[in-house]
1. Take segment B:240-249 and flag every residue that is in contact (Cβ under 8 Å) with a residue 40 or more places away in the chain and either facing another protein chain (nearest Cβ under 7 Å) or in a helix (DSSP H, G or I) (or both).
2. Can you tell me which residues in segment A:493-512 are under 14 Å from residue A:349 (Cα atoms) and more than 18 Å from the chain's Cα centre (by Cα)?
3. Go through (1) over 30 Å from residue B:28 (Cβ atoms); (2) modelled with pLDDT of 85 or more; (3) crowded, with 16+ Cβ neighbours inside 10 Å for residue B:266 and report which single condition fails.
4. So if I check each of B:257, B:252, which one is more than 8 Å from chain A (Cβ to nearest Cβ) and modelled with pLDDT of 90 or more?
5. Can you name the residue in segment A:1-26 that is surrounded by fewer than 12 Cβ atoms within 10 Å (Cβ to Cβ) and free of Cβ contacts under 8 Å to residues at least 60 places away in the same chain and is also farthest from residue A:214 (Cα to Cα) among such residues?
6. Answer yes or no as to whether residue A:123 is closer than 30 Å to residue A:174 by Cα, modelled with pLDDT of 95 or more and more than 11 Å from chain B (Cβ to nearest Cβ).
7. Kindly provide the set of residues from segment A:66-80 that are crowded, with 17+ Cβ neighbours inside 10 Å, within 12 Å of chain B (Cβ to nearest Cβ) and over 20 Å from residue A:211 (Cβ atoms), ordered by number.
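The values are calculated or read from the model by the stated rules, or taken from the named source; none is laboratory data. Being a predicted model, the structure only gives us computed values, none of them experimental. Don't worry about glycine lacking a Cβ; one is built from the backbone with ideal geometry, like all the others, and counts go over all protein chains shown.
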């Protein structure tokens with residue numbers, strides 16, 4: 001039985017000439033698990049908003065549990081049947097207490113208080129937040145906040161829950177929890193719609209619908225999709241284990257994890273594969289090898305921290321130590337990946353390196369300048385190693401792209417021909433060719449291009465180092481690859497990059513990995529050390545897929 | 001932290017979790033008592049009434065086990081204004097002021113009437129600051145909003161949007177740290193690119209221009225986030241019909257007594273001086 005019926009649906013945003021969606025027809029069954037994938041701007045979020053009447057499709061019809069969400073009367077019925085979990089965890093919290101927030105939807109439906117209490121507690125128990133029920137949501141981690149949003153959704157006793165990129169702004173552990181909740185919902189007969197960029201996540205669904213430029217271009221099982229040769233043309237990737245199986249030359253299986261793939265590879269391919277991996281390992285490759293990095297000479301370092309500590313809200317009751325006695329050197333010309341759970345101190349550490357924050361105790365040196373020193377010219381320090389904050393595109397303010405990139409060098413006092421040259425070089429390096437993009441209104445750029453424009457506008461300072469706070473977060477796979485290419489291109493000129501990331505696969509390709517937990521530096525070394533011999537599962541992060549696979553292959557060989 | 005620090009982590013008011021008879025009062029009761037103090041101290045002409053009302057926050061503070069020194073700290077920011085007003089009182093004389101002069105330096109004199117006016121003004125201000133400070137330290141954000149809804153609930157029957165008003169207040173509270181956070185992020189992004197705020201620029205237009213890199217993105221982001229929140233609220237059936245409430249803040253018998261007492265206080269504050277005046 002179809003619980004959602006979409007028939008030749010189209011939608012054009014007011015003021016836009018191009019339709020965001022056109023001619024979409026799709027049925028979703030009771031208890032189904034459907035992933036909706038597609039690049040940024042392909043219309044995924046628009047489609048979800050048409051399902052519960054946040055947007056009214058024109059033309060076409062939508063039926064949700066028999067109701068028409070574009071009709072004012074049907075809208076309430078549709079919203080009762082279909083709950084939404086949005087992308088940004090803090091932006092969907094209404095109340096100032098956890099349990100009151102879960103109750104918000106029930107209050108709106110006019111549910112009597114005793115029943116409301118029962119449903120709130122039940123929903124909180126299901127997302128494992130019962131113990132936090134009297135706390136203020138803003139003190140929860142992003143992952144917990146997202147589970148809170150799920151609790152608010154399931155308290156409505158919906159028949160469908162739609163997740164709109166709900167895992168894209170939380171750390172790997174939080175993401176795992178939310179994905180497990182989706183499985184739990186499906187197991188209890190509630191249909192799940194999961195809008196995502198991540199093919200590993202899409203592979204968990206029963207069916208995948210692919211949107212491209214507002215059109216539905218594929219509907220089928222994940223296995224059918226990943227076997228399809230249209231994948232590259234759609235700018236979509238394959239799940240990591242699927243791609244790895246193809247590389248190993250064995251039959252790919254959708255949804256297999258690294259351990260299972262490794263074990264199977266050893267069975268199918270025999271000991272040869274294990275020998276190859278072990279040799280690579282003993283030659284200093286993955287899974288073993290590498291040493292932690294001891295403190296060296298500060299002289300050759302781009303950045304150097306000595307027992308640096310920093311707290312927020314000094315003296316207040318909610319004082320917290322964001323960086324706790326960190327000592328590390330970043331030699332010039334290296335790429336360092338900062339990893340750790342949300343709130344582990346990655347952003348604060350980057351701000352210390354940039355001189356936006358100064359240590360309360362200890363010292364922070366940026367290219368030999370003590371940022372807390374009385375003679376330090378912080379403006380120069382910052383422009384020599386500028387920081388791109390999280391979602392740096394939100395700081396864009398000039399109407400035209402070229403002017404935005406010119407803001408930094410103008411602050412450095414450049415003008416005329418030299419200014420134009422700087423802007424041109426930065427935009428070209430960021431993959432936004434100067435001649436084509438200089439007069440493009442910045443707000444009309446796609447999400448990925450906006451992000452690259454923001455990076456171009458610090459590249460134009462001609463810095464000696466880049467500090468990047470989650471430069472690839474919430475980007476689709478193609479934009480993510482563009483961004484990584486930009487970063488690699490910059491670093492290949494012998495310059496320094498320190499970037500934080502939640503993707504351990506990205507971290508594994510850095511020269512060094514620094515692991516943060518509760519403001520402390522837990523480990524600092526080459527990826528082979530951090531994810532190999534030095535690995536500690538209590539850090540609350542994942543291991544890169546390649547390391548897990550290698551370990552499984554070696555373990556399979558020993559068995 | 002040194003460097004660029006913002007009030008992202010600051011909560012509104014200074015609510016301190018505690019369990020006292022005052023904390024336990026229903027929010028609407030607290031609002032009523034806030035009014036019972038504010039109205040007389042701001043508009044009563046009787047010095048006795050003002051002083052008596054000004055003592056109330058102190059009584060409540062003791063009952064609520066909130067340190068009075070903590071409350072008085074909130075009074076500090078208005079001291080300069082009081083000082084300024086006091087200066088005016090001293091320099092300008094009341095027309096037809098026949099009260100005895102207490103002190104005189106050259107042409108400037110302080111009469112008894114002026115002295116009383118200065119003291120009364122200080123008392124009025126202090127009482128208001130104390131009352132507001134006390135209210136925020138015994139009422140959490142949720143109750144601050146709910147109290148408004150409860151207070152206006154009689155009007156809700158004739159169509160007054162009490163719940164929407166309460167929700168607006170709650171959302172406004174939610175947005176203070178959000179906007180502060182966005183502001184912080186934008187300032188940091190622009191500072192990393194060498195922006196130098198508020199220095200070296202002369203003239204209002206140039207000054208305003210220097211802040212353009214802040215105002216535009218912060219406004220855009222605040223609106224975007226407001227839109228996200230509105231969508232999330234709508235998706236959860238906001239405004240779909242008569243709503244119920246999860247938290248019962250209606251109050252118990254103690255509240256009924258306290259509310260009657262508050263109203264009685266307001267009435268007495270205005271009736272008693274008039275009565276005394278008519279008798280004498």
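1. Taking segment B:240-249 and keeping what is in contact (Cβ under 8 Å) with a residue 40 or more places away in the chain, we get B:243, B:245, B:247, B:249.
Passing the criteria: B:243, B:245, B:247.
2. Scanning segment A:493-512 gives a single hit, A:497.
3. Of the numbered conditions (1) over 30 Å from residue B:28 (Cβ atoms); (2) modelled with pLDDT of 85 or more; (3) crowded, with 16+ Cβ neighbours inside 10 Å, the odd one out for residue B:266 is (1).
4. B:257
5. Here the residue is A:1.
6. For residue A:123, the condition - closer than 30 Å to residue A:174 by Cα, modelled with pLDDT of 95 or more and more than 11 Å from chain B (Cβ to nearest Cβ) - is met.
7. A:74, A:75, A:76, A:77, A:78, A:79, A:80
Yes or no, residue by residue, for (1) touching a helix residue (DSSP H, G or I) at 6+ places or on another chain (Cβ under 6 Å); (2) away from chain B (no Cβ under 12 Å); (3) closer than 30 Å to residue A:90 by Cβ:
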{"residue": "A:327", "(1), (2), (3)": "no, yes, no"}
{"residue": "A:331", "(1), (2), (3)": "no, yes, no"}
{"residue": "A:334", "(1), (2), (3)": "no, yes, no"}
{"residue": "A:337", "(1), (2), (3)": "yes, yes, yes"}
{"residue": "A:360", "(1), (2), (3)": "no, no, yes"}
{"residue": "A:379", "(1), (2), (3)": "no, no, no"}
{"residue": "A:386", "(1), (2), (3)": "yes, no, yes"}
